[in-house]
Structure formats: C-alpha cells, structure tokens
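First comes the structure, then the notes that go with it.
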Amino acid sequence: MKSWILISMVALAGIHLACGKDEHKDVPITPPKEVSFTAKDATNALNYFNKAYYDPAKKLYFPTTEKNGVAAIWTQAIYWDMIMNAYLRTGDDQWKIMIHDVFEGNYQHYDHFNWENRQVWFIHDDMMWWIISLARAYQITGTEEYLNYSKSGFERVWNESYDAVDGGMWWDFKKSGKNACINFPTVIAAATLYNITKDEMYLTKAKSIFEWGANNLYDSTKGRVADNNVNGNKGWSDYTYNQGTFIGAATLLYKITGDSKYLGYAVKAADYTKMSMCDGNGIMPPEGDWNEQGILKAIFGHYIMNLVNEGKQDQYLPWLRKNINLAWGNRDAARGITYRNYNVTCPTGIVQSYESSSTVMLMQVCPPGE
C-alpha cells in the first residue's frame, strides 16, 4: 500500500502514489433520502459493489467502474475481508464459495503468493495486509493452504522488516521509515496467528511491536496515531485506517491477555477518531480524492467493530450507524454504489472501487439499529 506521508519519504522509497487526474468532482450537498439500513440492505450493497467492480472471470476486483485493469494489490485483500465478513454475517454459502474464488484469482495473478517475488511485492505492508487476510480465511474456512501462506509470509516480512536494534517494522524495502501501516497490521497478524497456533513466539512479537508503536507512533494524551516515524520524527497525519489498525491491534491483545491497558488504548483511539477527525455532525472524513485512500474507512470500520464486539464498547454503534445511513441514503440510485464522501450524492460518472468500499464494509460488520 502506498503510504501518504512526507513527500521526501515517498521520494526516498521511490514509490509512485496511486493518484491520477480527478475524473469527478463532489456534487453539492443535498439532503439524502432518510434511511435506516437493514440486513437486506447490507447484502444488496455488497451485491451492487460486486456488480460494479468484480470480474467473475479473473476473480479479481477492478479499480473503477470502467472495469479496466486490476485494483491495487493490497486493496484486493481488504475486499476479500469484506466477503469474509458477509459470510460471517449471513452464513450464506454463496459468500463462502466466493472466499475461495477470490483467493484463487489472486493466487493466480500474484505468482502463487510467492513472497520472494520483488515484482509482485514491493513494499512490506502490502504483504502484511494479505498475511492478515489469509489467517482470517483459515479461521473461517479451515483451509490449511491459507494458514501456510500466512505463516510463511509473516516469517518473510519479519525477517526483512523488523529492526532488531531499535525495534519497530520498516515500511519499505529501502528502510526509509517506520509507518503505522506496517507496525499495527504486524501486531494484528501476529496476534491472529497466535490465536490459531498458540505459538508464544507470535504473541511475544505482537506485544513487542505494539509497545514500540505506542511509544513511537502514538500520542497517548489524545489517542492520535501518527502516520509514520522517520528517523525518530513522528509524521502527524490523521488517517482512519491507522486509527483502525491501532484499535484492532490493541483489542486483540486485550482479548488475549485480559490486560485492561490495551482496552484503554483502543477506546482512546476510537474517541479521537470520533471527536477530532469527523465533521461537526460526526461524519467521517472523505478520504481518497481519486486514489487508494478511499478504502481507509473500510479498514477502520472492520476494526472498530472488533472493539465494539470483543471490547464490549457498544457506545460507538449510533455513530457508526449514522455514518452508514447517510452514505447509503446518498448512494447512486441507478447503480447502488456508495461514495467516499458520505455527505454528498455519489457521482454518476467514473467511481473507484476504493471510494465505494467503506460503506459496504461497515454494513457487513455493523448491525442495523432496532
């Protein structure tokens, strides 16, 4: 995944951001249709998303409604998580079949998950998103192949990314900085693999990286997660996915250890997201002006619900439902797809799958209101 940090760091890493010409502009804010989403809406939202963006022949997702090319490698893993969440929500075998289909499409497209292929994998966090999703897919389906790829991928990334001298995980192969987008997903992957294998090595690593991240990528007075740390300097850019993976990492460690300090971390980060990153009506930011950032709220939604469910913090449900209802009410009436900016009607032209994903993910994990 391309990290959105200081321009100088991007230059050092030699990474080309997935930004292009903005093919659409936000339409004026209009009063959305009053809705209160239902479980049926959640299923419909995913079906509309798949109709707009999924290639059933290649079993991969497109980047835009134009249906050309392939969505960014790391976002394919997030869409796979979305399918898994739909299966967990409904128990419908169509989604279980699709779990295997999406794996097969990506397996074929990405060199059979050959972690040594430097053409396929060019940054550590792209790999870690997949490592997490592969472990989850094993938990859900029991398919040993998924677990084997998750374990081998984790070993590969740890051996190259972990800084044995100063701690933390390097974001890119050139080791130009240590970002939230690799450190907290590493905690999530390690904790998930610990839950599966009960190998204490994974838990030790999860705790170690979380502690480093809490000290070097976090403001404990606010609950704010930094985007990156370059040479000891924290890069304070607010992104919902960084808040989300921090919350997810802390919640997993709380569930495993029972240590309330982790729950405190998660709650504080969730409160910062709600109180300091949203607009005056509590609506989450419209990240992703024609680039992959449109998927960030999908990641946040996935992990904030872990806090709600595993941490018993249901105070966030009304806020999440308010965001979902606004975005769903502002969906494209013809195509059924939603948009990254919940406050406006979804544009009728070209829309990215990244931009349409977050509401769909939220609807798979957040239960409707009474």
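ASP163 passes every criterion in (1) touching a Phe, Trp or Tyr at 6+ places or on another chain (Cβ under 8 Å); (2) surrounded by fewer than 20 Cβ atoms within 10 Å (Cβ to Cβ); (3) under 18 Å from GLU292 (Cβ atoms); (4) of a type outside the set (S, T, N, Q) apart from (3). When you check LYS21 against the structure, is it assigned to a loop (DSSP other than H, G, I, E, B), modelled with pLDDT under 95 and either touching a Cys at 6+ places or on another chain (Cβ under 6 Å) or closer than 30 Å to TRP171 by Cα (or both), yes or no? The answer is yes for LYS21. When each of THR251, THR245 is tested for being of a type in the set (S, T, N, Q), more than 26 Å from VAL165 (Cβ to Cβ) and crowded, with 16+ Cβ neighbours inside 10 Å, the lone residue that passes is THR251. Scanning region 111-127 for any residue that is part of a helix (DSSP H, G or I), more than 16 Å from the chain's Cα centre (by Cα) and at negative phi turns up nothing. Which residue is nearest to TRP212 (Cα to Cα), if the candidates are limited to region 133-155 and must be surrounded by fewer than 17 Cβ atoms within 10 Å (Cβ to Cβ) and among the charged types (D, E, K, R)? Residue satisfying both the conditions and the ranking: GLU155.
Applying the selection to region 264-275, what residues are under 20 Å from the mean Cα position of the chain (by Cα) and surrounded by fewer than 22 Cβ atoms within 10 Å (Cβ to Cβ)? Even if it seems obvious, please write down each step before you answer.
Step one: of region 264-275, the residues under 20 Å from the mean Cα position of the chain (by Cα) are 265-274.
The answer is VAL267, LYS268, ASP271, TYR272, LYS274.
Is region 42-53 home to any residue that is modelled with pLDDT of 95 or more, in a loop (DSSP other than H, G, I, E, B) and within 18 Å of the chain's Cα centre (by Cα)? Looking for residues that are modelled with pLDDT of 95 or more, in a loop (DSSP other than H, G, I, E, B) and within 18 Å of the chain's Cα centre (by Cα), one finds none in region 42-53, hence no. Residue count for region 258-272 satisfying the condition of being of a type in the set (Lys, Arg) and without any contact (Cβ under 8 Å) to a residue 24 or more places away in the chain: 1.
Residue-wise test of (1) within 21 Å of ASP172 (Cβ to Cβ); (2) acidic (Asp, Glu); (3) at pLDDT 95 or above.
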| residue | (1), (2), (3) |
| --- | --- |
| PHE184 | yes, no, yes |
| THR192 | no, no, yes |
| TYR202 | no, no, yes |
| TRP212 | yes, no, yes |
| GLY223 | no, no, yes |
| GLY235 | yes, no, yes |
| ASP238 | no, yes, yes |
| ASN242 | yes, no, yes |
| THR251 | no, no, yes |
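Does PHE103 count as outside any loop (DSSP other than H, G, I, E, B), within 18 Å of the chain's Cα centre (by Cα), at pLDDT 95 or above and surrounded by fewer than 24 Cβ atoms within 10 Å (Cβ to Cβ)? First the steps, then the outcome.
On the way: outside any loop (DSSP other than H, G, I, E, B): yes; within 18 Å of the chain's Cα centre (by Cα): yes; at pLDDT 95 or above: yes; surrounded by fewer than 24 Cβ atoms within 10 Å (Cβ to Cβ): yes.
Spelling it out, PHE103 is indeed outside any loop (DSSP other than H, G, I, E, B), within 18 Å of the chain's Cα centre (by Cα), at pLDDT 95 or above and surrounded by fewer than 24 Cβ atoms within 10 Å (Cβ to Cβ).
For region 148-161, the set of residues classified as touching a residue at least 24 places away in the same chain (Cβ under 8 Å) and farther than 14 Å from ILE188 by Cβ consists of TYR149, LYS151, SER152, ARG156, GLU160, SER161, listed by residue number. Filtered by the rule that a residue be hydroxyl-bearing (Ser, Thr, Tyr), touching a strand residue (DSSP E or B) at 6+ places or on another chain (Cβ under 9 Å) and crowded, with 24+ Cβ neighbours inside 10 Å, region 175-199 gives a lone residue, THR186. Please go through region 67-113 and give me each residue that is of a type in the set (A, V, I, L, M, F, W, C), over 23 Å from LEU362 (Cβ atoms) and touching a strand residue (DSSP E or B) at 6+ places or on another chain (Cβ under 7 Å), ordered by number. Passing the criteria: only VAL70.
So which of ALA190, ALA214 is outside any loop (DSSP other than H, G, I, E, B), in contact with a Lys or Arg (Cβ under 6 Å, 6 or more places away or on another chain), in contact (Cβ under 8 Å) with a residue 12 or more places away in the chain and more than 24 Å from ASP101 (Cβ to Cβ)? Talk me through it step by step, then tell me what you get.
Details: ALA214 fails: in contact with a Lys or Arg (Cβ under 6 Å, 6 or more places away or on another chain).
Result of the check over ALA190, ALA214: ALA190.
Within region 356-367, no residue that is crowded, with 24+ Cβ neighbours inside 10 Å sits with its Cβ atom under 8 Å from a residue that is among the hydrophobic types (A, V, I, L, M, F, W, C) and at pLDDT below 95 at 6+ positions apart or across chains.
The values are calculated or read from the model by the stated rules, or taken from the named source; none is laboratory data. Just so we're clear, the structure is a prediction, and the values are computed from it rather than from any experiment. Don't worry about glycine lacking a Cβ; one is built from the backbone with ideal geometry, like all the others, and counts go over all protein chains shown.
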